[in-house]
Each structure stands twice: as C-alpha cells, then as structure tokens.
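Working notes, beginning with the structure itself.
The values are calculated or read from the model by the stated rules, or taken from the named source; none is laboratory data. Because the structure is predicted, anything quoted here is derived from the model rather than measured. In this analysis, Cβ positions are derived from the backbone assuming ideal geometry, glycine residues included, and neighbour counts consider all displayed protein chains. When the accessible area is computed, the model is the full protein with side chains, heavy atoms only, and any ligands, DNA or RNA have been set aside. Shrake-Rupley method; radii C 1.70, N 1.55, O 1.52, S 1.80 Å.
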Amino acid sequence: MQTNELIAVALVVLSKVAVAYIAYLAAREHILHAGWFVFFAIVYGLSSFRTGASE
C-alpha cells in the first residue's frame, strides 16, 4: 500500500469515527432528532464495508 492510499484510508476511517462520535454526543445530550444522527452514522459507517474478497 502506497503512502497516498494509506492517507486516504486513514482520512475515511477518521471521518467515520468523527460522525459516530457526533451521533453519540447528540444521543447523550438528548438533542432533538438525534435518531437521525445515529441512523446516518450507521449508514455512513457501513457504506464502504468490504467483505475482504479480492477482485
């Protein structure tokens, strides 16, 4: 894996963690419509889920 690919993967993973953390904070603080934040975080987290099968 090249450096550019590693940086891109790290940014994607960090963005997924950030969205999940925002959803957690919204749910913890009982923000109005926090369920949508949680739903979005789950969908975004699973959006590029790979099975490990090589092409």
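General remarks:
- Entry for Cα Rg over 2.2 N^0.38 Å (calculated from the structure that is shown) out of (1) 2.41; (2) 1.36; (3) 1.40: (3)
- Residue order for Val13, Val38 - accessible surface, 1.4 angstrom probe, largest first: Val13, Val38
- Tilt relative to the chain, helix 3-28 - C-alpha long axis, 0 to 90 degrees, to 10: 10 degrees
- Restricting the stretch 4-36 to chymotrypsin sites (Phe, Trp or Tyr not before Pro) in coil, as DSSP defines it, with at most 15 other Cβ within 10 Å: none
- Surface composition of the chain: carbon plus sulfur atoms hold 70% of the accessible area, using a 1.4 angstrom probe and ignoring ligands, DNA and RNA.
- Nearest 10 degrees, 0 to 90: helix 34-46 Cα axis against the chain principal axis: 10 degrees
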